[in-house]
Amino acid sequence: MVKVDKQFTASFDIDAQKTFSPLCPEELPVVEGDQIVEELNRNKEFACLHVASRDAHPLNAVWIANAYQPPMSKVEGYPDVDLRWPVHAIVGTAGFEFLPGLDGKCYEYQVFKGIVPDQHPYGACYHDFKEHQSTGAIEFLKVNNISTVICGGLATDYCVKTTVLQLLKAGFKVIVNLGACRGIAPETTAQAIAEMQSAGAVMIASAAELQ
């Protein structure tokens, strides 16, 4: 069991959006991405504050793939974009919305990621790859005396991993509920879990391990 003090603990729902689930099959669906809601909500029971991030992209983003520049190909000339991706999480579309069963009104703080055309951050704590442009998430947690953050979301091998590493570097104890996460590919997900553990994150299979 992992003990947490609710008074100093926050939950962090990372990009738990329809775009990363079978609910939006033409975007960036993660297998079982729509099956994390129950565990995300259970995380909240152990936290006094609740934070969320969402991809919030424009239609003119420079990283959008096309027939000539397919997904996962490199993007040159933009320091805060690395790979091309299918169109996803466009503000105002269904993909931008939270997964069904998540109450957007419960979050005391929300981060919108990738809101400008030439940035595609993975972590929820910084807008840029060099981690100079804060989203305010770390500052919000610190000013509210949070020392432990329970994380879940999509996808394990990209945005969850990067956010967890950013929180660890900022000095928080980070608990990753793997039952509240799903990854894009088994190999990269396993690598991400190993990297988070190596950096100091505490891994649990479900919120049943919290007390």
Hits in segment 87-125 - residues which are open to solvent by 50 Å² or more (accessible area, probe 1.4 Å) and either closer than 14 Å to residue 159 by Cα or modelled with pLDDT under 95 (or both): 112
Of the listed residues (52, 47), the one being open to solvent by less than 40 Å² (accessible area, probe 1.4 Å), part of a strand (DSSP E or B) and more than 18 Å from residue 184 (Cα to Cα) is 52
Within segment 130-211, considering only strands (runs of 3 or more DSSP E) that don't extend past its boundaries, which have at least 2 residues that are over 21 Å from residue 37 (Cα atoms)? none
Among (1) out of contact with any His (no Cβ under 6 Å at 6 or more places or on another chain); (2) surrounded by fewer than 22 Cβ atoms within 10 Å (Cβ to Cβ), residue 81 falls short only on (1)
Find the residue count for segment 3-25, including only residues that are open to solvent by 10 Å² or more (accessible area, probe 1.4 Å) and either in contact with a helix residue (DSSP H, G or I) (Cβ under 7 Å, 6 or more places away or on another chain) or of a type in the set (Phe, Trp, Tyr) (or both). 6
For segment 29-53, which residues satisfy the criterion of being more than 22 Å from residue 110 (Cβ to Cβ), in contact (Cβ under 8 Å) with a residue 40 or more places away in the chain and of a type outside the set (Asp, Glu)? 31, 35
Residues 56, 65, 89: which one is in contact (Cβ under 8 Å) with a residue 40 or more places away in the chain and at negative phi? 56
With 159, 181 as the choices, which residue is open to solvent by less than 30 Å² (accessible area, probe 1.4 Å), touching a Ser or Thr at 6+ places or on another chain (Cβ under 7 Å) and within 30 Å of residue 69 (Cβ to Cβ)? 181
Note: among 40, 59, 28, just one is open to solvent by 40 Å² or more (accessible area, probe 1.4 Å), of a type outside the set (Asp, Glu) and either more than 22 Å from residue 142 (Cβ to Cβ) or not in a strand (DSSP E or B) (or both), namely 59
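The values are calculated or read from the model by the stated rules, or taken from the named source; none is laboratory data. Computed from a prediction, not measured in an experiment: that's the story for all the values here. Every residue, glycine as well, gets a Cβ built from its backbone with ideal geometry; the counts of neighbours run over all protein chains shown. Accessible surface is based on the protein model in full, side chains and every heavy atom, while ligands, DNA and RNA are left aside. Shrake-Rupley method; radii C 1.70, N 1.55, O 1.52, S 1.80 Å.
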